[in-house]
Amino acid sequence: MSIDEFDRLVEKLDLERKVRLLTGATVWSTHAEPGIGLRAMVTSDGPVGVRGEGWDERSTSLTLPSATALAATWDEDLVELLGGLLAAEARRKGVDVLLAPTLNLHRSPLGGRHFECYSEDPLLTGRIGAACVRGVQSGGVAATAKHYVANDSETERLTLDARVEEQVLHELYLAPFEAAVQAGVWAVMSAYNGVNGTTMSESPLLTDPLKTMWGFDGVVVSDWGGVRSTAPSARAAQDLAMPGPQGPWGEALVAAVRAGEVPEAAIDDKVRRLLRLASRVGALDLGSAVPPEPAEREDHGPARVLLRRAVAASTVLLRNEGSLLPLDPSRLRRVAVLGPKAAVARIQGGGSAGVYPMSVVSPLDGIREALSGIAEVLHSPGPHLDDRPTPLGTENARNPLTGEPGVLVRLLDAGGAEIHAEHRLTGRVLEPARIDAAATVEIRALLSPETDGAWELAVAGWGHVLLEVDGRVLVDEEVERDTDDPATVHLSPPYRRVRVPMAAGREVELVSRRRLDPGSGIASVLAADPSRRADEVELAAAVELAGTCDAVIVVVGSTEEIENEGVDRTHLDLPGRQDELVRAVAAANPATVVVVNSGGPMILPWREEVAALLLSWFPGQEYGHGLADVLFGRAEPGGRLPTTWAERALVSTAPDGGTLAYAEGLDIGYRGWLRQPEPPAYWFGHGLGYTSWSYDSLTLPSEAAPDGSLPVRVRLRNTGERAGREVVQVYLSRPETDVARPVRWLAGYALADAGPGEVVDVTVDIPARAFQHWSAEHHAWRAEEGAFTVLAGRSAADLPLSVEVLAGEQAPTPRKPSGERSLAVL
Ligand code: BGC
């Protein structure tokens, strides 16, 4: 549709109708305007799947690896294909706008939503993010680049003011959003926080650079509840306030326009953008303005194959002493699969990104399947992890009314009378049917304990909570809300726990009730963890088993308490006694492979004591299959670190008096570690794979490409005995400089595939921008003349090849070529 056509539609609407379109109609959807052929558009989180409208465990989604895993692939083609899967899921669920990808940076490993962001490097984040955008939008579904901008940690995220210098803002934090706009993203989400004194829904950064300098022609949607004013946010380039139907715009905005506080032209521009978005996702000009029927559930077989491939492609091999991996199944008779994450893995992080997976293959399942008929697979979880107790589920609870696996949820009115009842599959009930008169949510279930001993039962929710076991009241408490953060309010209320002695096989009836106070969030939880043996006994059992097996795989990781939206991490240690478990098991059996199941960096104090070490991130539903492929050599561990793993965080995420100073400037992640006296545990870009490589030569082109980029050629040789894939990384440095710069910075990368002994040449494009810096004086990109060093290799610190290049005034403009040489004049 042309601009004129949008204008004609806008002209048909009076002010009230226009303004109405600019606030959500519901929590997840926009208003329809049938008079102009506009239907409602449905939004949904993302990014690892498509939850759909609302939170209902019966509406499952394909579950992709989380962002850190996707970035660890460094593989834009693969990520684009995965984006296509998200689009198909969105279509299946009637979703038009996916609230993904998250393009904030790993400023600190303490960031609670680290798992949901790609990398500490703006170039890698931008390239992987752009691939996701292309994939999602190729299916006619809008991607949403979020959270614009500097929402890089969670502490006080609603209110904190990030103080970021202009150069740093452009070179680091804005850069991935610019890449998304270049990829044609249709929506951008403004963040909750402020930057340099202005909250993002009112920020001038929405206009410049987003809409003017970069030419973004889509919709700026607020983060949920992020619009807090009428005129200032409406005057800013904020287009759509979510959720609705209440909000600070509506009638107040109509009045503000009439009072001359907000120009009507600003409203028209917002509506035009909304209509453009609608036409892009097929929500405009349908004649009847009726939503399309959601597509039928398709065969997910090919999708699962792709997800399985993605798990292997993102798994990072950090250590492989004596080439323990890949394990040869024909030499295995007994294999121990140990650790708290082996049977119940974390496939995704916590918070609004959460989806209900279609199915989950745990590491234990995947290994059992791979070794079926070949070797005996034995499991022992080791010491217990003190995570939130597990909500009741179909495997351990029955509906007392119908006997079906699951729980009975009842909504009661103020007098305690039932006004609604439904069968559900989980004891973590989010948003039961909305009924205004409901005063209490009750969850009821029959639990049949498999073990004797003290079970841990828990109830969670804000407001008054109650827990009864066979009619006995064990919890009866007021839980006062102490946060405004929507993720914590709605999704992570505190758990009230009790230990209750149970006898195996003696069924008990559990009842939880939570009073539904206004503003008390959507979650009500009834949870139960089985009685367990003492940690010492579990530890000894795991170690003993390890000693009797041909190989041991220990899966350790983080908990939901640690990596979650709405809170930052306070430390980087593995929780519980997992370090002790790994050490004891590795001492008992030298053939020990440790797999770390976390979204972000953890401290691994035993990392030099174990034979093999793999990082599997939060790998999505096909975890066990992809991991088994890597362990047994059916696939290469293709991942390279998208973020530095270190023993400490270089920068804090704790605001001081409401502000968070990005005082480290350009030096986040590896850039920061390059200035430290000691190295981190593992550098950005590192990862071993199953073969080895030699880097033979780095050649500059005779001239730069017409767009100013510099295609450099790296020759490398696969010196190992297996085919493999290498991520060839090119960095720039400029020791003599008049501007602030990191020691070196990633300037480009490319993937190289080669068979054993094969020599390959890969071209790595260094974009002109990589030679430039943002000048705060000129408010523009500038280039310094003179020498830059081009370095190539396999991580930020392992760069065997380098050449000098001379940049001209408008770097890098080609001058006279002189063939292959170590100094190129550009
Ligand atoms: C999160 C967003 C999310 C939105 C809707 C917010 O709290 O920051 O990432 O898309 O909720 O769930």
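The values are calculated or read from the model by the stated rules, or taken from the named source; none is laboratory data. All values derive from a computational prediction rather than experimental measurement. All Cβ positions, even for glycine, are placed from backbone atoms using ideal geometry, and neighbour counts span all protein chains on display. Accessible surface areas use protein heavy atoms only, side chains included; no ligands, DNA or RNA. Shrake-Rupley method; radii C 1.70, N 1.55, O 1.52, S 1.80 Å.
Tabulated data
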quantity	calculated
Estimated vicinal HN-Hα couplings, Hz - the stretch 603-615 in sequence order (Karplus 6.51, -1.76, 1.60; Gly, Pro = x)	7, 10, x, 9, 4, 8, 9, 10, 6, 9, 9, 10, 9
Equivalent-ellipsoid semi-axes of the stretch 397-529, from the Cα gyration tensor, Å, largest first	24, 17, 12
Exposure ranking of Arg722, Arg17 by accessible area [1.4 Å probe, largest first]	Arg17, Arg722
Largest to smallest accessible area among Val360, Val760, Val133 [probe 1.4 Å]	Val360, Val760, Val133
Protection proxy ranking of 36-43, 703-710 - average other beta-carbon atoms within 10 Å, highest first	36-43, 703-710
Hydrodynamic radius (Kirkwood) for the stretch 1-125, which is based on Cα pairs only, to one decimal in Å	16.9 Å
For the stretch 662-668, 3J(HN,Hα) per residue [Karplus equation, 6.51 cos²θ - 1.76 cosθ + 1.60, θ = phi - 60°, Hz, x = Gly/Pro]	7, 5, 6, x, 7, 8, 9
Pair Leu751, Arg675: separation of 7 Å Cα→Cβ label points (nm)	3.4 nm
Accessible carbon and sulfur surface of the stretch 3-281 relative to its total accessible area, %, 1.4 Å	51 percent
For Ser61, distant residues with modelled amide H under 5 Å away	Tyr356, Met358
Three-way shape call for the chain based on the alpha-carbon gyration tensor, with the a/c threshold at 1.5	oblate
Virtual spin-label span in nm between His778 and Asn196, 7 Å along Cα→Cβ	1.8 nm
In Å², nearest 10: area of Arg533 left accessible to a 1.4 Å probe	120 Å²
Highest average packing first - 534-541, 598-605, 122-129, 329-336, Cβ atoms within 10 Å	122-129, 598-605, 329-336, 534-541
Average accessible surface area per residue within the stretch 397-529, 1.4 Å rolling probe, Å²	42 Å²
Sites Asp550 and Ala654, calculated FRET efficiency, Cβ-Cβ separation with R0 45 Å, nearest 0.05	0.40
Diffusion coefficient, µm² s⁻¹, Stokes-Einstein with Kirkwood Rh over alpha-carbon pairs of the stretch 647-736 at 10 °C and 1.306 mPa s	92 µm²/s
Potential extension, Glu804-Met1 segment - 0.36 nm per residue separation minus Cα distance	284.2 nm
Magnitude of the charge dipole, the chain, Cβ model with Lys/Arg +1 and Asp/Glu -1, debye to 20	980 debye
Extended-chain gain in nm, criterion 0.36 nm per residue less alpha-carbon gap, Thr394 and Ala439	13.6 nm
Contour minus Cα-Cα distance for Leu15 and Ser138 (0.36 nm per residue)	40.9 nm
Placed amide H near Ile766: partners under 5 Å, 5+ positions off or other chain	Leu710, Val712
The stretch 425-442 residues near the modelled Asp517 label - backbone nitrogen below 16 Å, point 7 Å along Cα→Cβ	439-441
HN-Hα J in Hz across the stretch 397-410 - Karplus 6.51, -1.76, 1.60, θ = phi - 60°, x for Gly and Pro	10, 10, 5, x, 7, 10, x, 5, x, x, 10, 9, 10, 10
Normalised per residue, the volume of the convex hull around the Cα set of the stretch 691-822 (Å³)	99 Å³
Proximal charge balance of Leu660 [Cβ under 12 Å; K/R count +1, D/E count -1]	-4
Accessible area per residue in Å² at 1.4 Å probe, computed on the stretch 691-822	44 Å²
Projected label distance in nm at Asp573 and Ala414, using a 7 Å step from Cα toward the beta-carbon	4.9 nm
Peptide ranges 517-525, 394-402 listed from the most packed, as the mean C-beta count within 10 angstrom indicates	517-525, 394-402
Cα-centre dipole for the stretch 397-529 with unit charges at Cβ (Lys and Arg positive, Asp and Glu negative), debye to 20	200 debye
Lysine pair number, Cα distance threshold 26 Å (strictly under), the chain, separation 8 or more or different chains	9
Residues with amide H under 5 Å from that of Ala145, placed H, sequence gap 5 or more	Ala187, Val188, Met189
Å² of accessible area per residue within the stretch 192-288, as computed with a 1.4 Å probe and no ligands counted	36 Å²
Three-way shape label, the stretch 569-632, alpha-carbon gyration tensor, a/c 1.5	oblate
Semi-axis lengths, Å, the stretch 3-281, gyration tensor of Cα atoms, sqrt of 5 times eigenvalues	28, 22, 16
